[in-house]
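The values are calculated or read from the model by the stated rules, or taken from the named source; none is laboratory data. None of the values given here were measured: they were computed from a predicted structure. We place every Cβ from the backbone using ideal geometry, glycine too, and count neighbours over all the protein chains shown.
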Amino acid sequence: MSACPVCGEAGDKAGLPGLEACGYCGLAFKTERYFGDPVYEEGLEDGIYGAAKAGLFARALDQLALAVPGKGRLLDVGCATGEFLKAAAARGWRAEGVELNPALALKAEAAGFTVTPLPVEQAMLDKDAYDVVTVFEVFCLMDKPAAAAAELFKILRPGGMLYVREFNAVFHLPLARLEAAGVFAPLGLKPAVIHNFNFRPRTLKAMLEAAGFTDVRVLNSKLTSGDAYRTGGLLGGLFTRLAKVLYYTLAQALWYASFGTAFAGSSLIVTARKP
Ligand SMILES: [Zn+2]
């Protein structure tokens, strides 16, 4: 068993091949991490990085405009082709990105943005410089998420805000076990998303508080629109769309019924402040 990459406690079996779980902070992590680029079928990329997330990006920018009046300098970690940077710039932010995939980074640069091609903890970005840092589904793919969180704390100005969207292990790990048991195979569905790191709400909270952040707030995220990843299999995109809406509604019902303590959503939104 390995040491937990977030809190350092000993890992344990996670009930899935190649995966360990930390009993202390709740992180699930792959024993062998994957650092290649994501490979999507031809033609899916624009949907995944752009159109499907337009609503999520707009909601993020609505919230950030209220939380950080005056706007200012924004860094998007894992900016891909720069779709969020474009949306942020259109609302008056001075936006720049971090992107390790050269082909994606080139597209963001072609759109006029400064893009740093290094992991954030190695990038030597200006300290106390950013009003907002956003991280959309990227902590799960990083080499050193805890070191990255600590660096994001340093580069934010005091009072600055971190805005994170991340897959929720509370949803995806049980789903992956069902998938491994063959439950979805007859329908051709592959709904579970398992990356290098799979965070529970309390894992994200612990990691950000250890980095120095305060006022850490977790919510079920609304969903991407449509079936951009084509996970709907034989039942197709319409089924996926309906299932996502129904599931989000149920997860929110559970959240209300538990007085805001149970997060079953497939993804989470986490915000945190640098004091
Ligand atoms: Zn841990």
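In table form, for the structure just shown:
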{"read-out": "Considering residues of region 208-218 that are surrounded by fewer than 17 Cβ atoms within 10 Å (Cβ to Cβ) and not basic (Lys, Arg) only, the residue farthest from residue 170 (Cα to Cα)", "value": "212"}
{"read-out": "Scope region 11-27; condition more than 9 Å from the ligand (Cβ to nearest atom) and in contact with a Gly (Cβ under 9 Å, 6 or more places away or on another chain); matching residues", "value": "12, 20"}
{"read-out": "Residue in region 57-74 that is nearest to residue 84 (Cα to Cα), counting only those that are part of a helix (DSSP H, G or I), among the hydrophobic types (A, V, I, L, M, F, W, C) and out of contact with any helix residue (DSSP H, G or I) (no Cβ under 9 Å at 6 or more places or on another chain)", "value": "65"}
{"read-out": "Residue check for residue 196: modelled with pLDDT of 80 or more and surrounded by fewer than 21 Cβ atoms within 10 Å (Cβ to Cβ)", "value": "yes"}
{"read-out": "Matching option when the condition is crowded, with 17+ Cβ neighbours inside 10 Å, on the phi < 0 side of the Ramachandran plot and in contact (Cβ under 8 Å) with a residue 40 or more places away in the chain, among 115, 164", "value": "164"}
{"read-out": "Among (1) assigned to a strand (DSSP E or B); (2) among the β-branched types (Val, Ile, Thr); (3) within 15 Å of the ligand (Cβ to nearest atom) - the single one residue 164 does not satisfy", "value": "(3)"}
{"read-out": "Close pairs (9 angstrom Cβ cut-off, 6 or more residues apart or separate chains): within 19 Å of residue 96 (Cβ to Cβ) and surrounded by fewer than 19 Cβ atoms within 10 Å (Cβ to Cβ) in region 62-77, charged (D, E, K, R) and at pLDDT below 95 anywhere", "value": "65/71"}
{"read-out": "Failed item, numbered, when residue 170 is tested on (1) closer than 17 Å to residue 5 by Cα; (2) within 16 Å of the ligand (Cβ to nearest atom)", "value": "(1)"}
{"read-out": "Any hit, region 141-152, residues being touching a strand residue (DSSP E or B) at 6+ places or on another chain (Cβ under 8 Å), surrounded by 18 or more Cβ atoms within 10 Å (Cβ to Cβ) and within 20 Å of residue 94 (Cβ to Cβ)", "value": "yes"}
{"read-out": "Long-range neighbours under 8 Å by Cβ, at least six apart or interchain, first residue without any contact (Cβ under 8 Å) to a residue 40 or more places away in the chain and farther than 23 Å from residue 208 by Cα within region 7-28, second outside any loop (DSSP other than H, G, I, E, B) and within 12 Å of the ligand (Cβ to nearest atom)", "value": "13/20; 13/21"}
